[in-house]
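Just below is one structure, and these are the notes that go with it.
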Amino acid sequence: MKKLLFKLFLFLLTVVTIIASILFVIGYVYYTNTLKEKTLTEKVEAITSKEHFTTFEELPEIYINAVIAVEDHRYYSHGPVDIIGIARAFYINIKNKEFDEGGSTITQQVAKNVIFNQDKSLVRKLGEVFGAFDLEKNYTKQEIFALYVNSSYFGDGYYCIYDASMGYFNKEPKDLNLDEASMLAGIPNAPSLYSPTVNLELAKKRQAHVLKKMTEYGYITGD
């Protein structure tokens, strides 16, 4: 019986290894093909050269903390892919019988926004991983964070933090307060739902979630 179980284990391990290898090759080919027309550097420069590109240094700490708390609270302690985050998201989704939690890091989201189009195919998700590793190889965490907030869609036709800040609150990002920063931090997750001009009630619920996460991770107090 033990020998049979061991053989079954080896068989399953071999199958998993073969599938993983195939997916690895597919993802890598998709990623390299995507960069044939424009290199990673050129794609990044297309974002950083925009008129209203906001650098990391120009962002208020309260907004940075809000984004990290709700999107990727281990951002500075993990690599391009967060295995712990993926496992945690999987567990929470199964436990709650919902699929609200995502396992993508901020770097993976930058890969999606900057390198690829917005299709939701498995192949793109595989290529996204290679893009994330390449981004962290060539850029700092601060630079990648700036790319994230300058390439995310905030609803209402706003495709960067500067335009969203000016459009929703008539002020530059550096002047955002906690209320405004937490509102903006929650929108990119689902702009069609959380844009305050689309559904203010849902936007405020999402904002409350951001504030809860900021409190949970020690960025603000619960008072």
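The numbers here are math on the coordinates, done by the rules we state, and not lab data. Note that this is a predicted model, so its numbers are computed, not measured. Because the Cβ atoms are built from the backbone with ideal geometry, glycine has one as well, and the counts that use them run over all protein chains shown.
Past the 31 Å Cα-Cα mark, which pairs from LYS36/LYS204; LYS174/LYS205; LYS50/LYS141; LYS38/LYS212? Cα-Cα > 31 Å for LYS36/LYS204; LYS38/LYS212; rest within. Translational diffusion coefficient, Stokes-Einstein: compute it for the chain using the Kirkwood radius over C-alpha pairs as Rh, at 10 °C and 1.306 mPa s, and state it as an integer in µm² s⁻¹. This corresponds to a translational diffusion coefficient of 84 µm²/s.
By counting other Cβ atoms within 10 Å of each Cβ, how are VAL29, VAL129, VAL67 ranked from fewest to most? Don't skip to the answer; put the middle values down first.
Working: VAL29 14, VAL129 21, VAL67 25.
Lowest count first: VAL29, VAL129, VAL67.
Remark: HIS73, HIS52 ranked as HIS52, HIS73, counting other beta-carbon atoms within 10 Å and listing the fewest first. With respect to the chain, whose longest principal axis is taken over its alpha-carbon atoms, helix 141-151 is tilted by about 70°.
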